[in-house]
Every structure is written in C-alpha cells, then in structure tokens.
Amino acid sequence: MTKAPLSVAIITKNAEKKLRMCLESLFFADEIVIVDCGSTDRTERIAKEFDARWFVEAWKGFGPQKNSAIAKCSHEWVFSIDADERVPAETARKIVEILSGDAPADVYSFRRKNFFHGRWIKVGDWWPDEVTRLMRRSTGGYERLIHENWVTDSKIERLENEIEHYSFDCYSDMFRVMDQYSTLTAEQLHAEGRKAGPADAILRFGWMFFRNYFLKLGCLAGFDGFMIALTKAMGSFLKYAKLHEIGKYGEG
C-alpha cells in the first residue's frame, strides 16, 4: 500500500510492551512523531526501529502533550493514536481512501474496540466508544490536562471503522490507573473552581456502578464486567472524594 500524506502523533512513557504492535499497524502513514516524557525502558529503541521522529519533553498533561506532538508533524492531516492502540487493516484502507480523494470532512471519529483479558468488551461504557482521531491539524486542538478531547468548529464525520484498544493487562493495572486518573481529574476540577462534598462521592459511586453494570449490561461480561463496573464506580468516587479533600485541606 502506498503511504498516505499523513503524520501520526503519539505520546509515550515506558510503552515498550505495546508500542511495537501500535507502530506495526501504522504502515500506511508517511510520518510518525513521538513525544516522550522520560521513558526508562526500551520505548525509544522500538520507536527508532520504525524511523519515528523522537522528542523528549517534560510532562504537561495529556491535552498539551498531544498538541505538542501534533505541532511537530510535517503534514496537515494528522492521526492521533495512543501507544496501546492499533489500527486494523480495514481502517487503514479507509484512511488512505479519505486522504487520496476530496475528503468530505476535516475531522473524523472512529469507534474504539476495548479489549481486556484477550477479549473485546462489548458492554458498559467500553462500547460503543467514539474517539476523534483523524483531523486537519489547523482545525482545532486538544483541551484539558486529562480526558482530553479535540475541540473544533469543524463538523466531525463519524466513521463506522474501528481502532483497537488494549489498555489494561490485569485488575491491578486497572486500579493503579484509576487512582492516578482520579487524582489528575480532581486537580483539574479544582482548578476549574468545582467543589464536592462526601455525599457527591457516595452518590456518584452508586450511580456509576448501577449505570455500567445494569443499565449498560456490564453484567453480561462475567466477572470482568463486574470489575470494570466497580473500577469505573471507584474512579468516580475517588475523583469527588479527592476534590472534596483538596477543597477542605488543600493539595497534598
């Protein structure tokens, strides 16, 4: 397949376990740009095996870090992807098709298939999971330090094509990320002037578990579905508990 006039933007830190599979799936892109924030494993060596342009910068938050990677891209069309994601061949062909003709839109979203313990989780908040990833870089930028999203005035064309996501290796990994992200989100909310009390944390926990396990049928995914609903609920609980803590006692 002829490579498309497309830059891929990736941010990394200690991504050696999953980066290779991600880069192998990007065979259709003309350029890969990686902004790393201090990996101590083999991430850089793997990146250079694929002739990726490599940069190291201090961590600025997810949105600013991704904007920095996109700013270093050579092409107007950019595909933003995480190191634990992969592009199936059919999706790659669709991207090349879009870029080889008169693209009907400037920004495109994809459906993301989230995998855990070797299987696609089709329930809960994990499906359908729509993410905006292909864009003309001049149309907008990422906002927020965590749970970043592409903000643009352009219409977002929703594609049926999918990308694959292999975020967690085990339950311990889920709880580690939950704790980390809840802290970052609480700090973001505090910076935005938001407040919370103990009741907010408790009510959010109950609603989030009920929503994911029952309303969104996480119960159909067996014990993994229960654990996913539990960690989603615990993440919401900790986010608001930590926001309450920051407001009452200050940041630790």
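Quick rundown of the values:
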read-out: Compactness of region 138-237 as Cα Rg over 2.2 N^0.38 Å, two decimals; value: 1.28
read-out: Dipole of region 1-136 [Lys/Arg +1, Asp/Glu -1 at C-beta], most positive-end residue of ALA83, ILE70, VAL107; value: ALA83
read-out: Gyration tensor verdict on region 29-178 (Cα atoms; rounded if a/c is under 1.5, prolate if a/b is larger than b/c, oblate otherwise); value: rounded
read-out: Contour excess over end-to-end distance, with Cα ends at ALA199 and LYS60 and 0.36 nm allotted per residue; value: 46.9 nm
read-out: Protection proxy ranking, peptides 135-141, 220-226, average beta carbon neighbours within 10 Å, highest first; value: 135-141, 220-226
read-out: Solvent exposure of region 1-154 as accessible area per residue, Å², 1.4 Å probe; value: 46 Å²
read-out: For GLY141, residues with placed amide H under 5 Å, excluding near neighbours; value: VAL151
read-out: Beta bridges per DSSP with both ends in the chain, % antiparallel, nearest 5; value: 45 percent
read-out: Cubic angstrom per residue, convex hull over Cα atoms of region 1-118; value: 115 Å³
read-out: Ranked by how many other beta carbons lie within 10 Å on average, peptides 50-58, 5-13, 26-34 from highest; value: 5-13, 26-34, 50-58
read-out: Value of Rg to Rh for the chain (Rh from inverse mean 1/r over Cα pairs, i.e. Kirkwood); value: 0.98
read-out: Heavy-atom accessible surface of the chain: percent carbon and sulfur, 1.4 Å; value: 52 percent
read-out: Exposure ranking of LEU23, LEU203, LEU238 by accessible area [1.4 Å probe, largest first]; value: LEU203, LEU238, LEU23
read-out: Debye, to nearest 20: dipole size of region 59-159, +1 on Lys, Arg Cβ, -1 on Asp, Glu Cβ; value: 240 debye
read-out: Whole-number percent relative contact order across the chain, with pairs defined as alpha carbons under 8 Å at least 6 apart; value: 17 percent
read-out: ³J(HN,Hα) computed for each position of region 189-196 - Karplus, 6.51 cos²θ - 1.76 cosθ + 1.60, integer Hz, glycine/proline x; value: 5, 4, 5, 8, x, 7, 10, 8
read-out: Heavy-atom accessible area per residue - region 177-222, 1.4 Å, Å²; value: 61 Å²
read-out: Amide N proximity, region 22-65 versus ARG176 label position 7 Å along Cα-to-Cβ, cut-off under 16 Å; value: 39-43
read-out: Top positive-direction residue, dipole computed over the chain with Cβ charges, set ASN149, PHE50, LEU243; value: LEU243
read-out: Cα gyration tensor, region 119-196 - rounded (a/c under 1.5), prolate or oblate; value: oblate
read-out: Cross-link table LYS216/LYS242; LYS48/LYS94; LYS60/LYS195; LYS72/LYS94; LYS122/LYS195; LYS66/LYS155, entries beyond 29 Å C-alpha to C-alpha; value: LYS122/LYS195
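The values are calculated or read from the model by the stated rules, or taken from the named source; none is laboratory data. No experiment lies behind these values; they were computed from the predicted model shown. Using ideal geometry, Cβ is built from the backbone for each residue, glycine included, and neighbour counts are taken over all protein chains shown. Protein only, heavy atoms only, side chains kept; ligands, DNA and RNA dropped before computing areas. Shrake-Rupley method; radii C 1.70, N 1.55, O 1.52, S 1.80 Å.
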